[in-house]
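Right, one structure below, let's go through it.
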Amino acid sequence: MKTKNQKNNHLEKDEVEQETNQESRHEGEDIVDIDPMNLALARIQTLETALKDAENDKYRALADAQNMKKRIAADFEQRSKYVFKSAALELIAVFENLQRAYEQSNDLATLQKGLELAISGFNQVLTKEGVVKIDALHQPFNPELHQALVVEESDEFKPETVIEVYQDGYMLKDRLLRASMVKVSKEKEGN
């Protein structure tokens with residue numbers, strides 16, 4: 001159903017076309033007068049078509065961007081879900097070695113050898129994944145790497161030195177994975 005404005009525009013276009021056809025049919029005229037109104041209407045129609053094309057391109061680009069965003073999110077979810085896969089496979093091998101050592105150990109020496117192999121395997125997996133133990137003992141206290149559980153006066157060590165490690169800390173590549181739980185020295189009160 002056409003609105004009143006659309007009907008009027010359609011009638012005006014028909015009238016303009018009729019005038020243009022009549023002007024071009026005049027015999028004996030070398031130069032055809034072109035109505036400026038016809039030129040303006042033709043230009044408007046061209047611009048309206050270009051505007052519609054631009055709007056379609058805009059919506060198509062927005063749809064492409066949304067689809068790309070969904071694909072990237074799905075890919076990220078898939079990768080993050082299985083990021084531990086290679087480490088898990090290596091840890092399974094270490095676990096199986098522990099199991100074999102336990103099942104086949106008839107004496108303490110065999111069990112100890114099996115445990116040494118398992119510990120070495122675990123260490124290799126952790127190192128390969130970028131997990132490194134923080135060397136804290138006798139190092140200056142660093143609150144970014146160490147968590148002080150106890151502070152103890154000491155003449156033997158400089159103040160703010162780690163004198164005992166309760167639990168090792170670890171780095172994962174360049175980030176702290178777990179802080180070291182430590183005892184820290186302080187200067188004796190009499191000094």
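Between Ala136, Ala118, Ala148, which is surrounded by 15 or more Cβ atoms within 10 Å (Cβ to Cβ), part of a loop (DSSP other than H, G, I, E, B) and among the hydrophobic types (A, V, I, L, M, F, W, C)?
Numbers: Ala118 fails: part of a loop (DSSP other than H, G, I, E, B); Ala148 fails: part of a loop (DSSP other than H, G, I, E, B).
When all the criteria are applied, what remains is Ala136.
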If the Cβ limit is 7 Å and pairs must be 6+ apart or interchain, which residue in the stretch 75-96 that is surrounded by 12 or more Cβ atoms within 10 Å (Cβ to Cβ) and at pLDDT 80 or above pairs with which residue that is hydrophobic (A, V, I, L, M, F, W, C) and part of a helix (DSSP H, G or I)? Glu90/Val125; Leu91/Val125; Val94/Ala118; Val94/Phe122; Val94/Val125
Looking across the stretch 141-191 at residues that are more than 22 Å from Val131 (Cβ to Cβ) and basic (Lys, Arg), the single one that is modelled with the lowest pLDDT is Lys188
In the stretch 80-101, which residue that is in a helix (DSSP H, G or I) and either outside the structural domain of Gly114 (by TED's automatic domain parsing) or β-branched (Val, Ile, Thr) (or both) is nearest to Gln124 (Cα to Cα)? Val94
How many of the residues in the stretch 159-189 are touching a Pro at 6+ places or on another chain (Cβ under 9 Å) and outside any loop (DSSP other than H, G, I, E, B)? 5
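For every residue, the table says whether it meets (1) aromatic (Phe, Trp, Tyr); (2) in the same structural domain as Glu96 (by TED's automatic domain parsing); (3) farther than 20 Å from Glu90 by Cβ.
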site	(1), (2), (3)
Gln139	no, no, yes
Ile163	no, no, yes
Tyr166	yes, no, yes
Met171	no, no, no
Asp174	no, no, yes
Ala179	no, no, yes
Name every residue in the stretch 133-169 that is within 32 Å of the chain's Cα centre (by Cα) and without any contact (Cβ under 8 Å) to a residue 40 or more places away in the chain, in order of residue number. Lys133, Asp135, Asn142, Pro143, Glu144, Leu145, His146, Gln147, Asp168, Gly169
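The values are calculated or read from the model by the stated rules, or taken from the named source; none is laboratory data. Bear in mind that the values here come from a model prediction, so they are computed numbers and not experimental data. With ideal geometry, Cβ positions are generated from the backbone for all residues, glycine too; neighbour counts draw on all protein chains shown.
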